[in-house]
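Each value in this text was obtained by applying a stated rule to the coordinates, not by laboratory testing. Note that the coordinates shown come from a computational prediction; the quantities given were computed from them, not determined experimentally. Cβ coordinates were reconstructed from backbone atoms using ideal geometry, including for glycine residues, and neighbour counts include every protein chain displayed.
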Amino acid sequence: MSPATVVPTPDVVERAYEACARLARDHYENFPVASMLVPKRMRRAVAAVYAFARRADDFADEPGYTDGERLRLLDEWHQRLIGAAAGSAPSVSSDDLIFVAVADAMQAHQLPVSLFADLLSAFRQDVTVKRYQTWNDVLDYCSRSANPVGRLVLRIAGHNDEALDRASDALCTALQLTNFWQDFARDWANGRLYVPTVDRDAWGAREADLDRALAAIDASPAVATIVPVPAAWKTVLREMAQRTRRLFAEGRPVCDGVHGRLKYELRLTWLGGTRILDRLDQADFEVFANRPTLTARDIAPLVWRTASWTRA
């Protein structure tokens, strides 16, 4: 039997947004989420979007589930999304509170349910697809796994402009790709590879070489710092990074096309993503030995570059 639904009271709505904000704060990310740079009027809705996506991503990625269970949970998440879009949601558990907040944000900002559904489509794909044949296949995945978040943020900010949408899509795709190259070793350990097969084959990069590197680390984790990435894989990863940089360049206009404090949030996000690419390059793409992250030492230079930003 489906749980009873209610029209939440203002107190429940407030509690729902607080739960989403807490979830956003408690999860480490490379890039700022609903930070103090986001205008206060946007913060709650952005946190609701994040919480919706974070929990769904957990269903797709966190250990302890079979693939069948993951798909069932994502299907249930989609049904709850439809309920939220209809204007009502249960208000009992912490997950229910996410949908209370999502329903309120949808109504307040006219957020299209299709953008949330696209995210769930990508999470389902995470469960069933482990290889991508072409670059366009990878971009198609990013168009559903990353780009909807940028468009939702723009809608929450009051923007509905095709040019801004295109720039946002490029930036979000670039950030998603950066995360792939940053997490290359982790993804491979979980059987996933986002380097397209045609590019891997063109550069002579073999999966068996990655298997050997991973097996050496599994046998003795201490050797992770000395297991070299085969030259062919370094070459193909450099090519992937260059393509990603071009997308960052295409996405830069969204950082200048929005207003107020949001532009500083987006500039900081853009700079954080490109810094991760810089670190990968500086490490010569030794992705088994080094997973670059942003640290407290990055804050001052990133803030300075955000403040001294010049339009493209």
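Couple of notes before you dig in:
- Couplings for the stretch 202-211, taken from phi via the Karplus curve 6.51 cos²θ - 1.76 cosθ + 1.60 with θ = phi - 60°, read 4, 9, x, 8, 10, 5, 4, 5, 5, 4 Hz in order; Gly and Pro are left as x.
- Additional length obtainable on full extension of the chain from Val113 to Thr9, 0.36 nm per residue less Cα span: 35.2 nm
- Positive-end residue, the chain charge dipole about Cα centroid, Cβ charges, pick of Ala122, Thr295, Ala60: Thr295
- Value of relative contact order over the stretch 205-297, rounded to a whole percent, pairs C-alpha under 8 Å and six or more apart: 33
- Charge sum, other residues only, whose C-beta stays under 12 Å from Val198's C-beta, Lys/Arg counted +1 and Asp/Glu -1: -2
- Helical runs (DSSP H, four residues minimum) scored at -39500 (n - 2.57) apiece and divided by the length of the chain put the mean residue ellipticity at 222 nm at -22500 deg cm²/dmol.
- Overall, the chain carries a charge dipole of about 980 debye about its Cα centre when +1 sits on the Cβ of Lys and Arg and -1 on the Cβ of Asp and Glu, all other atoms neutral.
- Selection from Thr306, Gln282, Ala170, by position along the positive dipole direction of the stretch 130-312 (Cβ): Thr306
- Placing dummy labels 7 Å off each Cα toward the beta-carbon, the span from Glu62 to Asp211 is 3.2 nm.
- Ranked by how many other Cβ atoms sit within 10 Å of their own Cβ, fewest first, the residues Cys255, Cys20, Cys142 fall in the order Cys142, Cys255, Cys20.
- Per-pair calculated FRET efficiency, R0 = 45 Å: Arg305 and Arg22 via Cβ, rounded to 0.05: 0.90
- The chain, relative contact order in percent, only Cα pairs under 8 angstrom and at least six apart counted: 18
- Listed by chain and number, the lysines whose C-alpha is less than 26 Å from the C-alpha of Lys234, apart from same-chain residues fewer than 8 away, are Lys130.
- Compared with the direct C-alpha span, the chain from Arg131 to Asp278 gains 50.3 nm at full extension, assuming 0.36 nm per residue.
- Of all lysines in the structure, the ones whose alpha carbon falls short of 27 Å from that of Lys263, not counting any fewer than 8 places away in one chain, are Lys40.
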